[in-house]
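Before any comments, here is the structure.
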There are 2 protein chains.
Amino acid sequence: MKRTEIGERIERLQARLGASGVQAALLLMPVDIFYFTGTRQNSALWVPAKGEPVLLVRKSLVRARAEGLIGDIRPFPSSKELSGLLGSEGDKVGMTFDAVPVAQYSWYSKVLPGRSFVDVTMIVRELRSVKSPAEIEMLRFSAGKLASVFREVPDFLKAGMREVDLAAEVEFRLRRIGHEGYVRMRAFNQELFGGMAVSGGAASYGFFDGAVTGQGLSSASPQGASLDAIRENEPVLVDFAGVFNGYIVDMTRMFVIGSLDAELRRAFDVSLEIQEAVRRAMVPGAIGEEVYRQAAAMAESAGFGGNFMGMPGEQSRFVGHGVGLELDELPVLAQGFAMPLQAGQVVAVEPKFVIPGKGAIGIENTFVVTENGGERLTELSDEIVVL
Amino acid sequence: MKRTEIGERIERLQARLGASGVQAALLLMPVDIFYFTGTRQNSALWVPAKGEPVLLVRKSLVRARAEGLIGDIRPFPSSKELSGLLGSEGDKVGMTFDAVPVAQYSWYSKVLPGRSFVDVTMIVRELRSVKSPAEIEMLRFSAGKLASVFREVPDFLKAGMREVDLAAEVEFRLRRIGHEGYVRMRAFNQELFGGMAVSGGAASYGFFDGAVTGQGLSSASPQGASLDAIRENEPVLVDFAGVFNGYIVDMTRMFVIGSLDAELRRAFDVSLEIQEAVRRAMVPGAIGEEVYRQAAAMAESAGFGGNFMGMPGEQSRFVGHGVGLELDELPVLAQGFAMPLQAGQVVAVEPKFVIPGKGAIGIENTFVVTENGGERLTELSDEIVVL
C-alpha cells in the first residue's frame, strides 16, 4: 500500500466526519486501523476532522513505525496525557459502536472527560466498502490464488474421505501459497475457520449467517466440515475464503463423484441464472434489497423458493455480501439494505439451495460493481466438476 | 457434556450473582453461552439469580434445541416482548463488558427500560477458569491429540522449507485428527491463526501478547509463520494450540537441524528450570504475580533477564496463561494478577527467551493446578529435537 493511498483514505474519513459535525474519530478495531494506517498493531488511531492523525501504540511500536504510513506514530501515553492529546472538552468523538466493547468505551469516556461519543460505524464501513484500484488488484491477486486451489480439488477429492479430510487438503494448499488463515468477520456472534466442505443430504442447521453452515466437528464448533464420509452421487459443496495481504475473496464450487440427482442439477442451473441476473444488476445506484428480491423471485418461480439460501424454515435473506479486509463487509444484497451500490464495491454473490435429504448446491463468485455490471474476480469455470 | 454439569455451572453463576446483589445475567458472548448451555448458536442467555435460565435463539433454533442442555430454549422474541420476559424495572443486570459491543449494550438498554447494567466479566471468567473433572478430561484429550502431531514434526521438518510450509504441515495433521481450527481469544485486539512456526534470528516484533510473535505473511497478518526459509543450525520454535470439542491446549517444542548455538542451549536449560519452578508453585492459594516474579528473577539471575518473554524493549510480563474454551482465560501468571490460584485451573506455562540475531527458544506445556503442584496434560519429552 502506498502512503498517498493511505493519505486519501484519511482525507475521505475527515470529510465525512466534518460533514457529520464530528470533531474526530477514535478508531480501536485493528482492521479499521490497518485500513487507515497500513499497520495492524495493538493501538488506537485518532483522526481529527482537521489536522494530522496520530497512532498510539501499545505493542509493537517498533513494528508500527516500520510499517505505518502516517506521520505521527508514538507510544501509547499515560491516561493523564491522553486528554491533552486527543481533542478537547465539548468535542463529539466518533467510535465504531458495532465492535468496540463496553469496557473500552467506558475507559475512554473516563480518560477523555467532556467529550460525547457518537457512532461512526456506518461511515467507516461505507468508506471501506468502496475499493481503490490498488485494492481491487489485491483482491484479484487473492482470487487468482484461491481459484488455483479450487482447480486442484479433482486431484484429491475421493469417495470415502471425510469432509474434514477434504477441508484439510484445501486449507493445506491455501497455506502453502500464502493464505494468511485468519478470516476476519466483523459481526458480533459470527466466527469462521476458513470455509467449509459439505457433502450429501444431512440436515445442516447452524448459527452461521450463510445459506450452508455444515455440521462442524462438535457443538462447540458447529459449522463447517464434519467427520462424515463423502459418498458417490452426492453433491460436494466446497466454499472457501482466501486471505492474502489481508484481502479476502470468497468462492464456491460443486463437485460430484458419479452422477448428480436431477432436482439438484436443476437447482444448480437456477443458481447460475440468478448469479448472472445479480451480476448484471451490480451497477452503481442499484439497491441491494431490490437485487436480493429479484433473486428470491427467480428462485420462487423456478419452484425452489422454500430452498433458497438455507434450510427450509431457517433461510437467510441475502444473496451476496461485501468482502475486503473482512468477510462481512458492506454492501449486502439483502432484505433491508436500501443504500445504493457504488462503483468499486466488491461482493461475493452466492445463490444457493438446500434440499433436505439431498444436499446443498449453488455457486459463489466475487465481483466488483462497475458501470457494466459485476466484473468477476474469481476466474474459474462455474460448471459442476464430475469425477 | 452432561445436563447435570450444566446445571451445576448455572447454580454456581446464580450463587455469585446473588452474592453480588445482581438480579440476573444477560450473556451474549457465544463462548459463555456454550459454557452455560452446551450449545453455541446465535442467541442470548438470561440467567436470573433465582429461577430458570432461558436461551433466546436467533439462529439456529433447531440446532440449539437439539444440543442445548437447559430446559427453556425458545425463539428470540420481538423487542416488545423482551421486557416482559427478562426481569423487571429496578433490576441490576450483569453483562460481560469486556467483550459485548457498545451497540449491543445500547440496544438492550433501550428494550429493557429501567434496568441498570453492571459488569460481570470477572464473575464469568473466574467461574469458567476452574475446570470440572469432565473438562479436565476434555483438555487431556486435546493434549493427547496435539502432542501426537508434535511427535511427527521430525518426519516433515527439513532444511530449506519455509516457516509457512512447516506451519501448513502441522495444521494439516491437526485438522485430519479433528482440530476445530478456530482458536477463540477473548481480548479485544488479539487474533490468532492456530499457532506459529518461527525459525532463526530475524527480529520479531508484533502486537501478539506472547513472548514470540513471528513475522507473519504481511502487515495485515503480522504474526506467525513467514515466507523465510528454515536453515541449518537455527532454533525452530513450534508453538501451536489444538482445539477439540471446544477445549484448547497449548504447547511449544524446539527443533534444530544440525547443532544449536551454546547460548541458546543455556537459555533453553533455564526455561526448563523455570518451567519446573512454576509447576511446583502451581498450588491452590499461590498468587499469579508472585509466580511470575519468581520466574523473572530466575531468568535475571541466569543472565537472561533482558531476553525473557520477548524482544528486548518489548518484553511481555507473564509466564503462563489460562486455557480452556479460550486461549486467554484466567488465571494469568503475570504482573498485576493478585488473585489466588484455585485447584482445577488450567494454565499454559511458557518460559521463553528471545536473543536478537540468534532466535527464540523455550518450552510450553499445559498444566492443571493441584495440591501437589501443576499436573501436566501435554505428555511429550521437553527435550530439543536434533535432526
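The values are calculated or read from the model by the stated rules, or taken from the named source; none is laboratory data. In this text, all values refer to a predicted model and were calculated from it rather than measured experimentally. Cβ placement follows ideal geometry from the backbone for every residue including glycine, while neighbour counts extend to all protein chains displayed.
For the stretch A:243-259, indicate whether the set of residues that are over 28 Å from A:S148 (Cβ atoms), more than 20 Å from the chain's Cα centre (by Cα) and modelled with pLDDT of 95 or more is non-empty. Show your work before the answer.
First, the residues of the stretch A:243-259 that are over 28 Å from A:S148 (Cβ atoms): none.
For the stretch A:243-259, residues over 28 Å from A:S148 (Cβ atoms), more than 20 Å from the chain's Cα centre (by Cα) and modelled with pLDDT of 95 or more: absent.
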- Message: So B:I274 passes all but one of these: (1) within 13 Å of chain A (Cβ to nearest Cβ); (2) in contact with a helix residue (DSSP H, G or I) (Cβ under 6 Å, 6 or more places away or on another chain); (3) touching a residue at least 24 places away in the same chain (Cβ under 8 Å). Which condition number does it fail?
- Response: (1)
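Any residue at all in the stretch B:253-263 that's touching an Asp or Glu at 6+ places or on another chain (Cβ under 8 Å) and among the basic types (K, R)?
Filtering the stretch B:253-263 for residues touching an Asp or Glu at 6+ places or on another chain (Cβ under 8 Å) gives B:253, B:256-258.
Pick out the ones that are also among the basic types (K, R) and you get B:253.
So far as the stretch B:253-263 goes, yes, one or more of its residues are touching an Asp or Glu at 6+ places or on another chain (Cβ under 8 Å) and among the basic types (K, R).
For the stretch B:96-148, name all the residues that are among the acidic types (D, E), in contact (Cβ under 8 Å) with a residue 24 or more places away in the chain and within 30 Å of B:M251 (Cα to Cα). Break it down into steps so the answer makes sense when it comes.
The first filter runs over the stretch B:96-148 and keeps only residues among the acidic types (D, E), leaving B:98, B:119, B:126, B:135, B:137.
Remaining after also requiring in contact (Cβ under 8 Å) with a residue 24 or more places away in the chain: B:98, B:119, B:126, B:135.
Of everything in the stretch B:96-148, those that are among the acidic types (D, E), in contact (Cβ under 8 Å) with a residue 24 or more places away in the chain and within 30 Å of B:M251 (Cα to Cα) turn out to be B:D98, B:E126, B:E135.
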- Query: Has the stretch A:77-93 got at least one residue that is modelled with pLDDT of 95 or more and within 26 Å of the chain's Cα centre (by Cα)?
  - Reply: no
- Scan the stretch A:299-306 and give yes if some residue there is out of contact with any helix residue (DSSP H, G or I) (no Cβ under 8 Å at 6 or more places or on another chain) and buried (at least 23 other Cβ atoms within 10 Å of the Cβ), otherwise no. no
- What is the one condition in (1) surrounded by fewer than 20 Cβ atoms within 10 Å (Cβ to Cβ); (2) of a type in the set (A, V, I, L, M, F, W, C); (3) within 11 Å of chain A (Cβ to nearest Cβ) that B:L127 does not satisfy? (3)
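On the given criteria, is A:N189 touching a strand residue (DSSP E or B) at 6+ places or on another chain (Cβ under 6 Å), within 14 Å of chain B (Cβ to nearest Cβ), at pLDDT 95 or above and within 30 Å of B:G216 (Cα to Cα)? Even if it seems obvious, please write down each step before you answer.
Details: touching a strand residue (DSSP E or B) at 6+ places or on another chain (Cβ under 6 Å): yes; within 14 Å of chain B (Cβ to nearest Cβ): yes; at pLDDT 95 or above: no; within 30 Å of B:G216 (Cα to Cα): yes.
Taking the combined requirement at face value, the residue does not satisfy it.
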- Message: When you scan the stretch A:168-181, do you find a residue that is within 13 Å of chain B (Cβ to nearest Cβ), of a type in the set (G, A, S), under 30 Å from B:V170 (Cα atoms) and not in a helix (DSSP H, G or I), even just one?
- Response: yes
- Item | Any pair with Cβ under 8 angstrom, 6 or more apart, that starts in the stretch A:354-380 at a residue that is surrounded by fewer than 17 Cβ atoms within 10 Å (Cβ to Cβ) and ends at one that is at pLDDT below 95 | A:P356/A:G201; A:P356/A:A203; A:P356/A:M311; A:P356/A:P312; A:G357/A:G201
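Out of A:L192, A:L260, which single residue is more than 14 Å from A:A360 (Cα to Cα), in the same structural domain as A:E152 (by TED's automatic domain parsing) and aliphatic (A, V, I, L, M)? Walk me through it before giving the result.
Values: A:L260 fails: more than 14 Å from A:A360 (Cα to Cα).
None of the other options fit; the residue is A:L192.
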